[in-house]
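The values are calculated or read from the model by the stated rules, or taken from the named source; none is laboratory data. On a predicted model such as this, the values are computed, not experimentally measured, just so you know. Virtual Cβ from ideal backbone geometry, glycine too; neighbours counted across all protein chains shown. What goes into the accessible areas is simple: the full protein's heavy atoms, side chains included, and nothing from ligands, DNA or RNA. Shrake-Rupley method; radii C 1.70, N 1.55, O 1.52, S 1.80 Å.
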Amino acid sequence: MIVIQGKGVSKGVANGPIYFFQRSSTTITDAPAADIEAEKARIAAAQEKSAQQLNALADKAREEAGDETAILFETHAMFVEDDDYVECMMNALEEKHCTAEKAVELAGEEFSAMLAAMDDAYMQARAADIKDVTRRILNNLMGVTEGGIDSDVPVILAADDLAPSETLQLDKSKILGFITQGGSGNSHTAILARTMGIPAICGLGEALKAEFSGRQVYIDGETGQVAIEPDEITLAAFQSKQAKQQEMKELMETMKGQKDVTLDGREMMVYCNIGSPEDVTAVQSNDGQGIGLFRSEFLYLAASDYPTEEEQFQAYKDVAAAMGGKRVVIRTLDIGADKQVDYFEMHKEENPALGVRAIRICLNRPEVFRTQLRALYRASAYGKVAIMFPMITSVWEVKECKRACQKVMAELDKEGVPYRKDTEIGIMIETPASVLVAEELAKEVDFFSVGTNDLTQYTLACDRQANDLGKFFDPHHPAVLRALKMATDAAHKAGIWIGICGELGADLSLLETFLAIGIDELSVSPTSVLPLRAEIRKSIAKTCTLEKLEC
Amino acid sequence: MKNFEYTITDPLGIHARPAGLLAKTAKAYSDTTVTIAKDGNTVKASQLMKLMGLGVKQGDHVTVAAEGPAEEEAITAMKKFFEENL
């Protein structure tokens, strides 16, 4: 057994024979060219062919791997036609009287070196794109086709590093996983492998040797472990993980497109929690029926100054539009407590969890609030946005929030900016106070969503950040579950819906309790959607009991 | 000549994709020269790789200028492009 440790960049376990990627060896001569004009024409032809291939690849990628990858190839096509890049080749021909191949190679080296020298990791990684494009033009010049896998059985593909076009041109029915010597989590190979759902491990370095070709290997894209001809114990560990993975995959497949409904016909809305617009892809691939919590903090935490209305609008609009009419609940800023932002210049608090946080900041700083509300309402024109206010304790706070909303709507009316007047407004139920006055709060809003982490913290007087509270911090405590029941009864009495967007929502051991309480919506991380759906579809709502509410 | 100043808000700056689109947009005004300048370095907007080489990041100030018969349309198109994409 040989074990090599790399960096897992795309999850999953796979096994098969190792196959080393065959790249055409390109020997380019330094010999002078006979006819410069002929060489120029050859470059132009290869350039045109390359651009055509890349555009075709973009179309293929759009179907197989998604927009992100398609755009990459479109950008490559633009590289191929870039004036400076081409000029650089033509100059080399004129000055060095070299062959077209040499000129293309020189231009590729010059531009990839320029990007590699930039002090920006993203731009440095783009040097690989230039090399990829350059290799394509060279192959077209020399009439080389590459990337074939000469094997009858599917393989674990090994390489020094794979260019994006190389990964996409491969016959995927023959690939079980990728292992590469170089590369990083940001490399296109890693990104593509994740999109395609194939395990990948990179950064194996010299330990991955060409002589391993043909030997049986197990790879784990989560741990980054590569085991060539594993011993019995290692093999058993890999196989059990693989079996679980397979089981999960089959479950996922059967659950896609199914309704979230119990055996006796009770519907549950299964939504997703997301922290940035990029997470929408995961919501879609896991078949989430909406977004129950879109945390707006990322806009504030990642910035060095207050995010502008425009930036916020763009992010909210992107998500609303991508979800195509499905509900997107966006929570207004929830800064403070464990999430601190320098430019807010908050006073140091002894007890920030009980301090000026979330809605309290918004009500104290109407300008910050107004900017966010304007962005939210403007985005409402592009989908089904719902606005949610966190950390509510009193009815007057909700009334004040609603006044702020009305003011913003009046402004937008005046400016003639489109928005949806029927945008839902909801609140987080995460303080005992909000539970105790839930009946009155329910009359003011369109929905409730319970933040179970904070509700547990405040109900049980247990700091959620403290590690040593152990058994005292118990989200299953009957007090927390009874609070849920009280809020649910109040919501239903007023005819509004109630959901859970805290971690507890994905706790399958509580599903029966949630059904018994009458929760209408569970918002969970995208990867929890399908397991939760499977469990809902096995449940019978009317036989669920409230026994967990007993002490 | 028409010009405007702009502060980049996109977290990745002028990265490959917007640079490509920007070059494409600028090329539509073939008889008018569109340039992007940062810290005294000026490149033509149609020069995709040089544009990326400028290394424009979030928070950087750039000056976008257009000169030629279609400068009015070009600068309007550029302004719209920057506001929507960068």
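Points to keep in mind about this one:
- Within region A:195-236, the only residue that satisfies the criterion of being open to solvent by 60 Å² or more (accessible area, probe 1.4 Å), under 27 Å from A:Asn286 (Cβ atoms) and part of a helix (DSSP H, G or I) is A:Thr195.
- Check on A:Pro17, more than 24 Å from A:Asp171 (Cβ to Cβ) and outside any helix (DSSP H, G or I): no
Residue by residue, here is whether (1) away from chain B (no Cβ under 14 Å); (2) part of a loop (DSSP other than H, G, I, E, B) holds:
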residue: A:Gly324; (1), (2): yes, yes
residue: A:Ile330; (1), (2): yes, no
residue: A:Tyr343; (1), (2): no, no
residue: A:Arg357; (1), (2): yes, yes
residue: A:Cys362; (1), (2): yes, no
residue: A:Phe369; (1), (2): yes, no
residue: A:Tyr377; (1), (2): yes, no
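- Scanning region A:333-376 for residues that are under 23 Å from A:Tyr316 (Cα atoms) and at pLDDT below 85 turns up A:Gly336, A:Lys339, A:Gln340, A:Val341.
- Those residues of region A:495-520 which are of a type in the set (S, T, N, Q) and assigned to a strand (DSSP E or B), in sequence order: none
- Condition met for A:Lys326 (open to solvent by 50 Å² or more (accessible area, probe 1.4 Å) and in contact with a strand residue (DSSP E or B) (Cβ under 6 Å, 6 or more places away or on another chain)): no
- Scanning region A:12-34 finds no residues that are touching a Pro at 6+ places or on another chain (Cβ under 6 Å), closer than 27 Å to A:Phe178 by Cα and surrounded by fewer than 16 Cβ atoms within 10 Å (Cβ to Cβ).
- In region A:521-551, residue modelled with the lowest pLDDT [restricted to those that are surrounded by fewer than 16 Cβ atoms within 10 Å (Cβ to Cβ), outside any helix (DSSP H, G or I) and not charged (D, E, K, R)]: A:Cys551
- Of all residues in region A:245-261, those that are open to solvent by 60 Å² or more (accessible area, probe 1.4 Å) and either outside any helix (DSSP H, G or I) or in contact with a Gly (Cβ under 7 Å, 6 or more places away or on another chain) (or both) total 5.
- Residues in region A:168-190 that are open to solvent by less than 30 Å² (accessible area, probe 1.4 Å) and at pLDDT below 70: A:Leu168, A:Gly185, A:Ser187.
- A search for C-beta distances below 6 Å between a residue of region B:13-26 that is facing chain A (nearest Cβ under 7 Å) and any residue that is at pLDDT 80 or above and in a loop (DSSP other than H, G, I, E, B), counting only pairs 6+ apart in sequence or on different chains, returns B:Ala23/B:Ser46.
- Subset of region A:238-272 (residues that are within 25 Å of A:Asp220 (Cα to Cα) and small (Gly, Ala, Ser)): A:Ser240, A:Ala243
To keep it simple, each residue is scored yes or no on (1) part of a loop (DSSP other than H, G, I, E, B); (2) touching a Gly at 6+ places or on another chain (Cβ under 7 Å); (3) open to solvent by 40 Å² or more (accessible area, probe 1.4 Å).
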position: A:Leu263; (1), (2), (3): yes, no, yes
position: A:Tyr271; (1), (2), (3): no, yes, no
position: A:Val280; (1), (2), (3): no, no, no
position: A:Val283; (1), (2), (3): no, no, no
position: A:Leu293; (1), (2), (3): no, no, no
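- Restricting attention to region A:419-449 and to residues that are in a loop (DSSP other than H, G, I, E, B) and open to solvent by less than 80 Å² (accessible area, probe 1.4 Å), the residue that is nearest to A:Glu310 (Cα to Cα) turns out to be A:Tyr419.
- Residue selected from region B:31-57 under the condition more than 9 Å from chain A (Cβ to nearest Cβ) and polar (S, T, N, Q), by the criterion least open to solvent (accessible area, probe 1.4 Å): B:Thr32
- Boolean, A:Lys96 is within 34 Å of the chain's Cα centre (by Cα), open to solvent by 10 Å² or more (accessible area, probe 1.4 Å) and more than 13 Å from chain B (Cβ to nearest Cβ): no
- Here A:Asn453 clears all of (1) touching a residue at least 60 places away in the same chain (Cβ under 8 Å); (2) in a helix (DSSP H, G or I); (3) open to solvent by 10 Å² or more (accessible area, probe 1.4 Å) except the condition numbered (1).
- Residue-level analysis places A:Glu105 outside the set of residues that are within 14 Å of chain B (Cβ to nearest Cβ) and either closer than 30 Å to A:Gly205 by Cα or surrounded by 19 or more Cβ atoms within 10 Å (Cβ to Cβ) (or both).
- Residue check for A:Phe298: within 14 Å of chain B (Cβ to nearest Cβ) and more than 21 Å from A:Asp67 (Cα to Cα): yes
- The set of residues in region A:97-121 being part of a helix (DSSP H, G or I) and free of Cβ contacts under 8 Å to residues at least 40 places away in the same chain consists of A:Leu106, A:Ala107, A:Gly108, A:Glu109, A:Glu110, A:Phe111, A:Ser112, A:Ala113, A:Met114, A:Leu115, A:Ala116.
- Selection from region A:74-93 of residues that are assigned to a helix (DSSP H, G or I), open to solvent by less than 50 Å² (accessible area, probe 1.4 Å) and not aromatic (Phe, Trp, Tyr): A:Thr75, A:His76, A:Ala77, A:Met78, A:Val80, A:Asp84, A:Val86, A:Cys88, A:Met89, A:Met90, A:Ala92, A:Leu93
- The number of residues in region A:127-163 being touching a Leu at 6+ places or on another chain (Cβ under 7 Å) and at pLDDT below 80 comes to 2.
- Meets criteria (closer than 25 Å to B:Asp60 by Cβ and surrounded by fewer than 17 Cβ atoms within 10 Å (Cβ to Cβ)) for A:Ala315: no
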